[in-house]
Each structure stands twice: as structure tokens, then as C-alpha cells.
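Laboratory data are not the source of any read-out in this text; all were calculated from the coordinates shown. Because the structure is predicted, anything quoted here is derived from the model rather than measured. Heads up, the Cβs are rebuilt from the backbone with ideal geometry, glycines too, and the neighbour counts pull from every protein chain shown.
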């Protein structure tokens with residue numbers, strides 16, 4: 001392993017090593033078929049009417065219908081919930097499906113979201129365009145505007161939303177401080193942890209709900225579209241979900257107790273909107289999950305090596321491992337196991353960015369991130385092409401910005417390829 005290990009803060013577990021054992025043991029079987037059993041049936045026979053009634057009222061734990069859950073997806077859900085210390089998880093058809101399910105299950109017309117930090121373009125559009133059509137508003141703030149964020153929370157605020165790493169602005173939130181704000185006002189903290197599974201443990205830092213696009217680094221090979229939402233348990237005694245702010249969840253708390261958020265998500269969103277995972281997709285995701293700790297460990301080391309080398313070679317690089325990044329100290333103290341696969345390069349203008357991407361021999365030009373291969377995309381002409389200049393500036397989208405997702409290739413080969421592709 002070429003990466004120089006960082007000094008780990010006291011109490012931090014080496015999660016990559018811990019889960020190297022857990023994942024392969026949880027995915028595989030000791031008897032019979034070792035590979036996960038793939039159940040791709042859309043529906044399930046109940047056997048008799050009494051069992052059917054029990055399945056629908058929740059007293060019988062058997063498959064109801066694949067829109068409400070699939071046994072193969074169920075195995076994936078158990079593993080992801082354990083990974084993040086949640087009480088349960090719901091797999092979805094995509095990452096945006098996960099964000100939609102997690103938010104819609106809690107929101108109604110008139111409610112508000114406070115969004116913190118950089119945002120993936122699809123999430124920004126969902127908040128700023130789609131949800132507004134249903135009477136749900138969102139206000140957007142930088143990760144360091146903590147006092148302004150506090151002032152923005154009202155009685156109508158239901159969700160405080162952030163990405164563990166700004167995609168693609170590479171700004172890092174102080175998750176503990178933002179969680180303290182959420183708890184102070186009794187508001188749900190929802191964290192998109194797509195870029196940093198294992199590297200960041202949001203529930204341990206105070207988050208209530210975690211969303212993932214499992215399409216990305218969790219699967220890691222572009223074979224399966226998917227998402228997942230991990231929920232913490234409802235606590236005994238006082239809990240923000242028991243306040244009037246979340247009155248719609250109370251019937252589920254009364255019936256399901258600690259598991260209420262799972263039932264709420266399935267009944268309030270999954271059942272009616274149908275963003276359900278399929279068995280084959282969940283099977284492929286589990287195959288990728290087996291090697292996630294090894295891939296994450298290698299890639300976060302490669303990202304640092306590439307960022308430092310390219311910065312020294314005169315590229316305009318944005319990554320918090322660089323001493324000039326505004327969150328460099330936060331990166332060293334709170335992101336001790338890296339911040340995912342991403343870095344950005346600013347080539348100054350679209351023409352130079354296109355030339356660089358087209359000359360590279362290693363980059364796959366695509367909108368995906370977190371793959372085994374190194375990926376790249378010019379942001380302004382693709383994902384953010386329809387955004388106005390003010391929004392682009394807030395999200396860190398400049399005319400020459402290229403988002404790079406580092407893969408499993410030899411980092412020295414990546415560095416050499418990028419320097420050659422620059423053509424200077």
C-alpha cells in the first residue's frame with residue numbers, strides 16, 4: 001500500500017480495515033450458493049389469505065411486492081444499515097430516488113429545507129425547481145455560514161441538508177457543528193454521503209438520515225444504477241421526531257417504535273412514487289460492496305498523490321489536501337480517511353478543458369463518479385449548462401472547470417497522462 005497513513009484522531013476506528021472483513025463475510029454465504037441469491041420476481045405468493053393479511057399489516061415478515069421491497073435488496077439494506085450504524089435502510093432505484101424518498105417522506109406543501117454547501121446539479125435542480133412546484137422551498141448557504149444558517153431556520157424548516165463533500169466545489173462541512181445546530185432547533189440533519197462511504201460516518205457525527213447514490217463508489221464499476229437511505233433509530237424518551245414539527249411521523253412511531261422512519265419512508269414515498277430498487281441491481285451492488293474498503297483506501301491515497309503532483313506541475317487544482325485550500329486544516333482533522341474520489345482542475349476556459357479531456361488517454365468522459373476507471377467531465381457544458389451565472393458562481397462552476405474522479409489506475413500513470421494531455 002503506497003499511501004502514507006495519517007495519524008488517526010483518538011477514538012477513530014480504521015473503518016477500511018474493519019469493513020474489509022465485514023463486507024465479504026456479510027455478502028457471501030458459508031453454505032450453498034456463496035454469491036448472494038438474486039431474487040428478481042416482481043411479486044410474491046402469500047400461500048393463504050391469513051398470511052397475506054399479516055404481510056400487509058406488518059405482523060408477518062415476508063415479501064409483499066417488489067415495489068415495497070425485494071429480498072435481495074433486503075440483504076443489501078441490512079449491510080448498509082450496519083455500515084453506518086443505522087437501524088435500517090431502504091434501497092432505491094437511483095441516488096436521486098434516494099434523495100427524493102428521504103425528503104418527500106417528511107415534507108408537505110409549505111415546508112422548508114435549508115441546504116448547506118456545494119451540491120450535485122441534480123440535487124440543486126430538485127430543490128430549486130421540482131420541489132418548488134409542490135410548495136416546498138429551499139434556501140442555500142455556504143458551509144461556513146453557520147450563524148446565517150441558524151438564523152434561516154424557522155418553524156417550517158423540516159430538513160437541514162448537506163453533502164459530506166461539496167460536489168464539485170470540494171468544500172468540506174463541519175458536520176458536528178452543523179449537527180449541533182440541527183439538534184438545537186430540533187430539525188432533521190440529512191447527509192448525502194455518496195462520495196465518502198466508510199470515510200465519513202454521518203450518524204456518529206449527529207446526522208439523522210443518510211442518502212447514497214450506490215451507483216458511484218459503492219458499486220464502483222458502472223454496472224448498476226441504485227441508491228439507498230439509511231435511518232437512525234427513533235430514541236426512547238425525547239426525540240426530535242416526536243415533536244409537533246414532525247407530527248406526520250407520529251402514527252408510525254406509535255406503531256413501529258424505533259423503526260418508524262423506515263415505515264414512514266415506505267408508506268409515504270416508496271409505495272406511492274415507486275423509486276424501488278430491483279433485485280438484479282442490488283445483487284450487482286453487493287458484488288461491488290465487497291471490495292469497497294480496498295478500493296476506497298487505494299483511491300483516496302491516489303487522489304492526494306495526483307492532486308499534490310499536478311499542483312506542483314502548475315495545474316489549478318482544487319482539493320482540500322492542498323495547503324492553500326480554505327478547509328485544509330478541517331481535512332486533516334475531520335477527514336482523516338480522505339474525502340472521496342474527486343478533485344477538480346480549472347483549465348481557464350471551455351476550449352482548453354475540451355482539449356485536455358480529448359487528449360487524455362486514461363480519462364473516460366462521463367457524468368459518473370466513483371468508478372474503477374478515472375473519469376472526467378467539463379461541468380459548465382454538461383450538468384450545469386442550464387444554470388444561471390449567479391448559481392454557477394455559488395456552486396463553484398467556472399468556465400474551464402473539469403471534475404475528475406480518480407480510479408484504480410497507477411497514480412503515476414494518471415499524473416503522466418494529465419501532464420501530457422495539457423500539452424504545454
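Using the count of nearby Cβ atoms within 10 Å as a rough guide to exposure, how do 272, 297 rank from fewest to most? Walk me through the numbers on the way to the answer.
Values: 272 12, 297 22.
The fewest-first ordering by Cβ neighbours comes to 272, 297.
Sort the following peptides by mean Cβ neighbour count (other Cβ atoms within 10 Å, averaged over residues), highest first: 260-267, 54-61, 92-99, 148-155. Intermediate results must be reported in sequence, preceding the final value.
Values: 260-267: 22.8, 54-61: 12.4, 92-99: 24.5, 148-155: 14.1.
By packing density, highest mean first, the sequence is 92-99, 260-267, 148-155, 54-61.
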Subject >> Spin-label model distance (nm) - residue 184 vs residue 359, 7 Å beyond Cα toward Cβ >> reply: 5.0 nm
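For the range 293-422, what is the convex hull volume of the alpha-carbon atoms per residue, in Å³?
Working: hull volume 13.4 nm³, N = 130.
Looking at the range 293-422, the number lands at 103 Å³ per residue.
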Original post:
In 10 Å bins starting at 0, how do the alpha-carbon pair distances of the range 283-367 split up by percent?
Top reply: 15, 39, 31, 14, 0
Original post:
Taking the Cα atoms only, what angle lies between the long axis of helix 175-185 and the longest principal axis of the chain, rounded to 10 degrees?
Top reply: 40 degrees
**OP:** Just grab the label-to-label distance for residue 409 and residue 132, each label 7 Å out from Cα along the Cβ direction, in nm (one decimal).
**Re:** 4.0 nm
**OP:** Express in nm, to one decimal, how much length is gained between residue 204 and residue 49 on full extension, taking 0.36 nm for each residue of separation and deducting their alpha carbon distance.
**Re:** 51.5 nm
Original post:
Relative contact order for the chain using alpha-carbon pairs under 8 Å, separation at least 6, rounded to a whole percent?
Top reply: 19 percent
**OP:** Report the label-to-label distance for residue 272 and residue 61 in nanometres (one decimal), using points 7 Å from each Cα along the Cα→Cβ vector.
**Re:** 2.8 nm
